[in-house]
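Participant: One structure, pasted below without further comment.
Derivation of every value follows stated rules applied to the coordinates shown; laboratory data play no part. Remember, predicted model here, so these are calculated numbers, not experimental data. Using ideal geometry, Cβ is built from the backbone for each residue, glycine included, and neighbour counts are taken over all protein chains shown.
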Amino acid sequence: MQFVYNLLPASRRKTPPADEHSLGFGLLRTNHMFLMEYSDGEWHSPRIEPYGPVSLMPGAMCFHYGQTLFEGIKAFRHPDGEIYLFRADKNAERLNASAEILCMPRVPTALQLEALNRLIDVERAWCPSAPQSSLYIRPFMFATQDGLGVRPSRQYYYCIMLSPSGAYYSGGFSQAIRLLVTKKFHRAAVGGTGASKCGGNYVASLRAAEYAHTFKAHQVLYLNEANTHIEEVGSMNHYHVRKDGVFVIPEFTDTILRSITSISVLELAAAGRIAACQEPVALDAFLDDVRSGEITEAGGFGTAAVVSPVGQYVFEDGMEITVADGKPGPHSGALYELYSSYQTGRAPAPEGWLVKVPRF
Ligand SMILES: Cc1ncc(COP(=O)(O)O)c(C=O)c1O
């Protein structure tokens, strides 16, 4: 497919911030975005354009019936000065898994990756290199057909925008979060869209997060519908570490997003670099094991923060359970270090995890 470059003249381009230590997360935009359209059963018109408004009809189906999905990927500037995409092939595959759940068209993974690479190549100057920084990449797709009947749209846009970012939490890894354990809100239902990265799952989480804040908690610990098993942490997978040092991740179900961070942790375990497994995690047994010290660490896995340790689980009746001493534990810290050293090129990553962005 022929990619069209409609770039801003150098005189109208913004320059990246000189101070890379206060980028924030997801706040900044680069000069350009990628855009492509789907109609008559095929993707067409791939182009890189100035970042700006997209014009849609008020009847565009994304506004009414929620056919929207997205991905979150990071690219890193390595000591050799080049930019490397981290596991973007996995995100491209997951985007297609989400598309299937939402009755949206697949985007060939090779096309997604070419679009990512071409856009990042244009915006090279925006990939930061400061510690804990990355170029955060947001591919997304939405329904554009003007129609009010409830059925899958026949037209879509696929876009990519970029955001040079610092650490997800301003305190970085040193901050342990508080989670509200609630049986009142659920993120996803069996047979629903929980395993996809669709906008609807995130709007459903907003009210729960606001509720968590009233308990001075950062996020909610999501349970399954029967309130018996642990599912996710806000927008991360949950993990805990047993006394023997094994990381345990709840088994994937159709109400849990298949986190690429979790999958990577499990791959590291399969390669003998760490100890990790997946199994259903019953809430009551988990809480008993935290109280008894059988579980020594817990937290969340996700692209944004990588490893986000949990210090306390709080309950609606005021009860609180602290994990060990409430501070980020050594296994979580070591995993964060290992994972980020792969991402940033400070240690050789497993084969295929990093792909250098070519110069087109
Ligand atoms: C609901 C949810 N669970 C888990 C994750 C972590 O997934 P990943 O490690 O692929 O970022 C995310 C973030 O993408 C998420 O939104």
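Participant: Which lysines, if any, have their Cα less than 28 Å from the Cα of Lys14, not counting same-chain residues under 8 positions apart?
Facilitator: Within the straight-line cut-off, Lys14 pairs with Lys74, Lys356.
Participant: Here is a follow-up. Net charge near Arg124: determine it from the other residues with C-beta under 13 Å of the C-beta of Arg124, scoring Lys and Arg +1 and Asp and Glu -1.
Facilitator: For residues surrounding Arg124, the net value is +2.
Participant: At a Förster distance of 30 Å, what's the computed FRET efficiency of Ala97 paired with Asp325, Cβ-Cβ distance as r, to 0.05?
Facilitator: E(calc), rounded to 0.05, equals 0.15.
Participant: I've got another one for you. For region 4-166, how big is the tail of P(r) above 22 Å, as a whole percent of Cα pairs?
Facilitator: Within region 4-166, distances greater than 22 Å cover 44 percent of Cα pairs.
Participant: Additional query: If the elastic network links every pair of Cα atoms under 10 Å, which of Gly149, Gly299, Gly326 fluctuates the most in the Gaussian network model of the chain?
Facilitator: Gly149
Participant: Radius of gyration and Dmax for region 232-274's Cα atoms, expressed in Å?
Facilitator: 10.7, 29
Participant: Using a Cα-Cα cut-off of under 20 Å, which lysines could be cross-linked to Lys243, ignoring same-chain neighbours fewer than 8 residues away?
Facilitator: Straight-line reach from Lys243, under 20 Å: Lys327.
Participant: By counting other Cβ atoms within 10 Å of each Cβ, how are Ile83, Ile263, Ile321 ranked from fewest to most?
Facilitator: Listing Ile83, Ile263, Ile321 from fewest to most nearby Cβ atoms yields Ile321, Ile263, Ile83.
Participant: Under 8 Å for C-alpha pairs, at least 6 residues apart: give me the relative contact order for region 6-102, rounded to a whole percent.
Facilitator: 18
Participant: Between Pro330, Pro16, Pro53, find the one with the highest GNM mean-square fluctuation for the chain; connect C-alpha pairs within less than 10 Å.
Facilitator: Pro53
Participant: Using the Karplus curve 6.51 cos²θ - 1.76 cosθ + 1.60 with θ = phi - 60°, work out ³J(HN,Hα) for each residue of region 256-263 in order, rounded to whole Hz, and write x for Gly and Pro.
Facilitator: 10, 6, 6, 5, 6, 5, 4, 4
Participant: Which value in nm describes the separation of the simple spin-label points at Ala189 and Glu82, placed 7 Å from the Cα toward the beta carbon?
Facilitator: Result for the modelled spin labels: 4.9 nm.
Participant: A further question on this structure: Most fluctuating residue of Ala204, Ala176, Ala271 in a GNM of the chain with Cα springs under 10 Å: which is it?
Facilitator: Maximum among the listed residues: Ala271.
Participant: Check each of the trypsin sites (Lys or Arg not before Pro) in region 284-360 and keep only those in coil by DSSP with at most 14 other C-beta atoms within 10 angstrom; list them in order.
Facilitator: Arg346, Arg359
Participant: If you find the alpha carbon centre of region 115-156 and of region 253-325, how far apart are they in angstrom?
Facilitator: Distance between centres, Cα-based: 30 Å.
Participant: How about Lys183: which lysines have a C-alpha closer than 22 Å to its C-alpha, ignoring those fewer than 8 places off in the same chain?
Facilitator: Candidates past the 8-residue exclusion: Lys216.
Participant: Go through region 34-123 and name the GluC sites (Glu not before Pro) that are in a DSSP coil and have 16 or fewer other Cβ atoms within 10 Å of their Cβ.
Facilitator: Answer in residue order: Glu82.
Participant: Okay, next question. Could you work out the pair-distance distribution P(r) of region 172-343 from its alpha-carbon pairs, with 10 angstrom bin width and percents rounded to whole numbers?
Facilitator: Spelled out per bin, shortest first, that is 10, 42, 37, 10, 0.
Participant: Also, quick follow-up: Please grab the % of Cα pairs in the chain that end up more than 40 Å from each other.
Facilitator: The share of Cα pairs beyond 40 Å in the chain comes to 14 percent.
Participant: Quote the relative contact order of the chain in percent (integer), defining contacts as alpha-carbon pairs under 8 Å separated by 6+ residues.
Facilitator: For the chain, the relative contact order is 18 percent.
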